[in-house]
Amino acid sequence: MSFDTLLANTSAWFVAALPDQGILSLVAIALIAGLARGFSGFGAALIFVPLGGAIIGPKLISPVLLVIDGLATLGMIPPAWRSANRREVFTMAAGGVLGVPAGTAALALMDPLALRWAITAIAVCLLGLLVSGWRYHGEPRTYLTSLTGLFAGLFSGAAQLGGPPVVAYWLGGKTDFGRVRANIILYFAISTCFSVVSYYFGGLFVDAVFALTIVILPSYAIGLYAGSKLFGLAKESTFRTICYLLIAASAILGMPALDGILR
């Protein structure tokens, strides 16, 4: 096969795999989601999944986020490994290894419309948890850490929404925000590995996932880089408030009742 033929076949595959609409909206949403993720270590899914799911559906948007986030955050893992409390992270990951397959099964088997409503409801509830300021203030316990990982894994497998339970558990202790951020980044690096295996066996890695990754990854990576640079410069409370507002807007605009606004 000649190079020209290979190029033509690749181009034809790429064009056929891409959705017919909403590409520019997904690129813009990815930029904002990456900005939140780069600064705080979480929040990308609460922005990207409800909005992206309204454009291309939840069974496609969740694996897209999994791939672009996994690739774009590779550079964040080494410093997180050095700064995180690895014992706590691995304890939480032990719960996640059970939760992720269960959430993936829900993503693969549920009716797409019902799943989108469920994602909206979960996003609103998790946002309420974050905004309420409630945190677990007790000493970390092995069984509680594993249980939190189980719920986070369940939400991650279903819609990549595992951040808030982890944040509520870790941010209430005596650990500083920098250590919590490192814990979150390292935990989700491990959780991503679980999700990749589960999504593969669940048949969720279709051609469109990889075509969309090529288009969206640069925007998400730029947002991630900018958010990382803001960490330590911007006022934490101000940026967190902005993230909450973006998450709330994403949950509302991503409701099936408002279909057509983002397309």
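Coordinate-derived values only; no laboratory data. Here the structure is a predicted model, which means the values were calculated and not measured. Every residue, glycine as well, gets a Cβ built from its backbone with ideal geometry; the counts of neighbours run over all protein chains shown.
Quick notes on this structure:
- Qualifying chymotrypsin sites (Phe, Trp or Tyr not before Pro) in the stretch 50-151, where qualification requires a DSSP coil assignment and no more than 12 other C-beta atoms within 10 Å, comprise W134.
- With a cut-off of 11 Å between beta carbons, the residues surrounding L186 carry a summed charge of +3, where Lys and Arg count +1 and Asp and Glu -1.
- Per-peptide average of other Cβ atoms within 10 Å, ordering 58-68, 213-223 highest first: 58-68, 213-223
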